[in-house]
Structures are given as structure tokens and as C-alpha cells.
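The values are calculated or read from the model by the stated rules, or taken from the named source; none is laboratory data. Just so it is clear, the model here is predicted, and its values are computed rather than measured. Cβ placement follows ideal geometry from the backbone for every residue including glycine, while neighbour counts extend to all protein chains displayed. Areas reflect the complete protein model, heavy atoms only, side chains present, ligands, DNA and RNA absent. Shrake-Rupley method; radii C 1.70, N 1.55, O 1.52, S 1.80 Å.
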Amino acid sequence: MTALLLGLVLNALQTPLYRVLEGYALWPAAAYERGCRVQRSRRQRTADRLADRAFTSPIRRAVFRKKFNRYPVSDKQITPTRLGNAIRRFEEYGYDRYRLDTQVLWNELTSAAPETTTKQVVTARTSVDFFVALLYGHAAVAVTAFASLSSSHAHRPALVITGVTLIVLTPAWYHAAVAATDEWAAAVRALVNLGRKPLADGLGLALPKSLEDERRMWQLVTRMSTKPYAQAADTAFEPYRIGLPQAGGEPPQPGS
């Protein structure tokens, strides 16, 4: 019963725990800004290494390319931690590519997308959740071990070894969590690429053939979704509805 209750509590705290590691919560402004500067500098150094023609080792280039790909496209989206950037890159993927704001339309997207893609996202995230749970769990046990040193009956050598070992392992779990986001990012990309057409169909819209028109449509969808219901009507949105003629063309067909 205690384990079940603890599991429910930790599940409810999952988002705040992630936000601390991503750099969004409990970070003083000065530390946040400094962390962002450090991450921008690391990203630029990685980009410089990739641009160096003398840097020809295919294996090393692949390693640096993977590191570079763990950052968001825009410098404005850089966060102060590696995990935050690794997650932010796929949070912004839909917007960067299609102007589809997955942060706003996540529930609609996962409801409309093929079931296999949504399962892939859940499975991929589980790996990251596992390492994040290990990180916090080991940190909590290490703090408990050091706090127990003050007890008169404490087995001090065992407590010190346990605490030090767990603290040493904590960065390893953090690095593993960052690496595990690669699969999570791939799953989210597949969700956006394959789910945006069913999402458009579910909203009664025809997916435009050109990327420019599609971007304009998703921007309007996002704007509608964030407006109060009474203000949601917008004549600029009408050309994208199924069955209505687009500018200078035939009525769009479902799935076009």
C-alpha cells in the first residue's frame, strides 16, 4: 500500500521533477542565464567542429552530429541544461517544420494520430522516465545515508560508501537520460509527420499541398485553439475547411 501511494505521488510530481532537470523550475535568474550561455557556447563549439574540414573521422563526426542534434534549432529556445535542450528540440519540431504547435495541440494530435505512433512515444519516454527516476531515487538515498551518520547506532563506513557510490552514479543516470531522449525525439517526429494529416481531417480541414500554405493553416489552428471560444471564428481560416474553395482553385478534397 505504501509503495502504491508513493508511486502515485511520484507520478503526480513527474512534471515538476522534469522541470527542475530541464532548468525551468527552482533555477535563480542568474543561474538560468549563465546555464543558457554555457549551452549556447557548447552548441557553437560542436557546430565549429562539424564545420572543420580537417575533422574527417566519420565516427567522430557522427558522435558530434548526434550531440549537435540534441539542441533545438533556434538559439532562442536554448535551455540551461543538456536534458532541457534534448527535450526542447522535439517539443519545437512540429512548430519549426510545419508551424504546428504540439504543445498546444498535443491532446488533439495524439488522439488523431495512428495508434502505433502514440505507443512509440509512450514507450520511448519510459526509458527516459526510468533514468530520471534512478537519478532522483539514488540522490534521495544518498542524502538519507549521509543524514543517518549522526545516529549513534549508524554503521558509518557502510553509509559513507553507499552515499558516495550513489552520488557518483547520479551523473551517469543523467547522461543516460539525455541519450535516451534520442528515441523519444524520433517517436515524436514520427507522430507529427504521420499524425498531422489525420489531425487535419479530424478538424474538418484539408491539408494543403504546399508547405507554406500548411504552415499558415497550422498557425491559424493554434491561434483558434488559444482564443476564448466566443472569439474563435476567423474568416482567414475558412479557405482551409473541407469543401470550401481555396484562393483561385477547386474545392479541396479530404486528404489532399
Q: Using a/c under 1.5 as the rounded threshold, could you call the range 1-129 rounded, prolate or oblate? The axes a ≥ b ≥ c are square roots of the C-alpha gyration tensor eigenvalues, and prolate needs a/b larger than b/c, oblate otherwise.
A: prolate
Q | Sites GLN77 and ASN193, calculated FRET efficiency, Cβ-Cβ separation with R0 30 Å, nearest 0.05 | A | 0.90
Q) Probe 1.4 Å, all protein chains in place: accessible area of ARG156 in Å², nearest 10? A) 110 Å²
Q | FRET E, pair ASP201, VAL104, Förster distance 22 Å, beta-carbon r, rounded to 0.05 | A | 0.75
Q: With a ≥ b ≥ c taken as the square roots of the eigenvalues of the C-alpha gyration tensor of the range 76-226, please select rounded if a/c is under 1.5 and otherwise prolate if a/b is larger than b/c or oblate if it is not?
A: prolate
Q. What angle do you read, to the nearest 10 degrees and between 0 and 90, between the alpha-carbon axis of helix 102-112 and the longest principal axis of the chain?
A. 70 degrees
Q: Using a 1.4 angstrom probe on the protein heavy atoms only, line up THR118, THR162 by accessible area, largest first.
A: THR162, THR118
Q: Could you tell me which of rounded, prolate or oblate describes the range 36-92, using a ≥ b ≥ c as the square roots of the eigenvalues of the alpha-carbon gyration tensor, with rounded for a/c under 1.5 and, failing that, prolate when a/b is larger than b/c and oblate otherwise?
A: prolate
Q: Roll a 1.4 Å probe over the protein heavy atoms and report the accessible area of PHE146 in Å², nearest 10.
A: 80 Å²
Q. Mind checking which lysines have their C-alpha under 23 Å from LYS67, skipping anything on the same chain fewer than 8 residues away?
A. LYS76
(Q) For the chain, place one equal point scatterer on every Cα, skip the solvent, and apply the Debye formula. What is log10 of I(q)/I(0) at q = 0.09 Å⁻¹? (A) -0.56
**Q.** Potential lengthening between ARG60 and SER151 on full extension [0.36 nm per residue; Cα-Cα distance subtracted]
**A.** 27.7 nm
Q.
Need one number: nm distance between label points at ALA51 and ASP96, each 7 Å from Cα along Cα→Cβ, rounded to one decimal.
A. 1.7 nm
Q | Helix 115-147 axis, angle to the chain major axis (alpha carbon atoms, nearest 10°) | A | 20 degrees
(Q) If you count only protein heavy atoms and use a 1.4 Å probe, how large is the accessible surface of THR123, to the nearest 10 Å²? (A) 90 Å²
Q) To the nearest 0.05, how large is the calculated FRET efficiency for ASP213 and THR165 if R₀ is 41 Å and r is the Cβ-Cβ distance? A) 0.10
Q) So for HIS138, HIS155, what's the accessible-area order with a 1.4 Å probe, most first? A) HIS155, HIS138
Q) Rank LYS209, LYS66, LYS197 by accessible area, highest first, at a 1.4 Å probe radius? A) LYS209, LYS66, LYS197
Q) Ignoring ligands, DNA and RNA, what percent of the 1.4 Å accessible area of the range 98-157 is carbon and sulfur? A) 61 percent
Q.
Give the lysines reachable from LYS119 as a straight Cα distance under 22 Å; neighbours fewer than 8 places away on the same chain don't count.
A. LYS197
Q. How far is helix 82-91 tilted, in degrees, relative to the longest principal axis of the Cα atoms in the chain, given as a value from 0 to 90 rounded to the nearest 10?
A. 20 degrees
